[in-house]
């Protein structure tokens, strides 16, 4: 009977060992699951940082493009500005006119001094106002106007302003 008892003890110890191994496996699986959850959290945080970095980069690229356009526009304006000079019209009104030395193919024209100071080229358009048949140069961008002949009459209407 001692052999049968020893065999029973051995079988019980073997079963206990298997249960212990199973428990370790279960414990390891729980630890693994916890580690996976933590790893996934870190991956999500890394993705959030990558998305934020991409958004920042896109913003910087747009700002760079806008600044490059502004620089280009300023260079173009400086070139255009060199072709014009301040000129006094009758009645002490000042406008900008194409310089004779500019060798430009543009016809003689006058630029609005207000728009010119805002780095915009706005050609003054001639108009005749009635009653009185007054001759006027008008900027349709900012409503600047110069009476070159005749007098302003209360019935004269300003043209609608362009935006």
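Looking only at residues in segment 54-99 that are touching a strand residue (DSSP E or B) at 6+ places or on another chain (Cβ under 9 Å) and surrounded by fewer than 10 Cβ atoms within 10 Å (Cβ to Cβ), which one is farthest from residue 151 (Cα to Cα)?
Out of the qualifying residues, it is 90.
When the residues of segment 109-131 are narrowed to those that are surrounded by fewer than 15 Cβ atoms within 10 Å (Cβ to Cβ) and over 37 Å from the mean Cα position of the chain (by Cα), which ends up farthest from residue 76 (Cα to Cα)?
Residue satisfying both the conditions and the ranking: 131.
In this structure, does residue 146 turn out to be in contact (Cβ under 8 Å) with a residue 40 or more places away in the chain, over 30 Å from residue 72 (Cβ atoms) and surrounded by 15 or more Cβ atoms within 10 Å (Cβ to Cβ)? Working first, answer last.
Details: in contact (Cβ under 8 Å) with a residue 40 or more places away in the chain: yes; over 30 Å from residue 72 (Cβ atoms): yes; surrounded by 15 or more Cβ atoms within 10 Å (Cβ to Cβ): yes.
Yes, satisfied.
Every number here is computed from the coordinates shown, using simple stated rules; none is lab data. None of the values given here were measured: they were computed from a predicted structure. Cβ coordinates were reconstructed from backbone atoms using ideal geometry, including for glycine residues, and neighbour counts include every protein chain displayed.
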